[in-house]
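Worksheet for the structure shown next.
The values are calculated or read from the model by the stated rules, or taken from the named source; none is laboratory data. Note that this is a predicted model, so its numbers are computed, not measured. Neighbour counts run over all protein chains shown; Cβ positions are idealised from the backbone, glycine included. These area figures cover heavy atoms from the full protein model, side chains too; ligands, DNA and RNA do not enter into them. Shrake-Rupley method; radii C 1.70, N 1.55, O 1.52, S 1.80 Å.
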Amino acid sequence: MERPGESRPVTVSDVQELVRRKDELEAQIRACYELLESQKGVGMNGPLVDAEGFPRDDIDLYQVRTARHNIICLQNDHKALMKQVEEALHQLHAREKEKHARDEAEALAEAMSQSQSLPQPFARVNAVTPGSPASVSGLQVDDEIVEFGSVNVNNFQNLQNIATVVQHSEGL
């Protein structure tokens, strides 16, 4: 809800204030309609003159005309206020949508940077013999190997590379 000379973002409390004002207007409109109903149910369109064209003496004409006028004015105010509520809600939701899109883009960028920084596996474990050093160290079937000693995705050619690392490590 932008006011003249002011361009701050709409907040939830701004919308709540508009809704509170709308509720007050609706209560005033209801009170005016109740007044019209208390005047022999004359309403907004009931005649104010009798069959002979004289003002009705069974209703308070001043109250009826004032209530009708107030209803029309309040309905115009209500319409303008509802337009403000609509605009405020559009601004509020548009800002939230932009924020959500930014958050998603940031999360995606972060996920992409993390996935690029993770080392790529060069082998997958198909079997682990019970009691073997691999089993004792916690290696399991379908684990992915990203580095074994000096062997990684950049220099791995075949399993002989791993055997060579193991041979050079024996006895250390």
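Annotations for the structure displayed:
- Prolate/oblate/rounded label for the range 44-172 (Cα gyration tensor, a/c 1.5): prolate
- Solvent-accessible heavy-atom area per residue, rounded to whole Å², over the range 67-106 at 1.4 Å: 75
- Charge dipole (debye, nearest 20) of the chain; +1 at Cβ of Lys and Arg, -1 at Cβ of Asp and Glu: 240
- Think of the chain as having a plus end and a minus end, set by charges on the Cβ of Lys, Arg, Asp and Glu; of Q157, Q114, V146, Q114 sits farthest toward the positive end of this dipole.
- Gyration tensor (alpha-carbon) shape descriptor, the range 42-106, a/c threshold 1.5: prolate
- The range 75-172, relative contact order in percent, only Cα pairs under 8 angstrom and at least six apart counted: 19
- Value at 222 nm in deg cm²/dmol, rounded to 500, when DSSP H runs of n ≥ 4 in the chain each add -39,500 (n - 2.57): -20500 deg cm²/dmol
- The relative contact order of the chain, computed from alpha carbon pairs under 8 Å that lie at least 6 residues apart in sequence, is 18 percent.
- Taken about its Cα centre, the range 1-71 carries a charge dipole of about 240 debye when Lys and Arg each add +1 at the Cβ and Asp and Glu each add -1 at the Cβ.
- A full extension of the chain between N126 and V153 corresponds to an added length of 7.9 nm, given 0.36 nm per residue minus the alpha carbon distance.
- Heavy-atom accessible surface of the range 91-172: percent carbon and sulfur, 1.4 Å: 54
- FRET efficiency, 1/(1 + (r/R0)^6) with R0 30 Å, evaluated for E26 and K99 via beta carbons: 0.40
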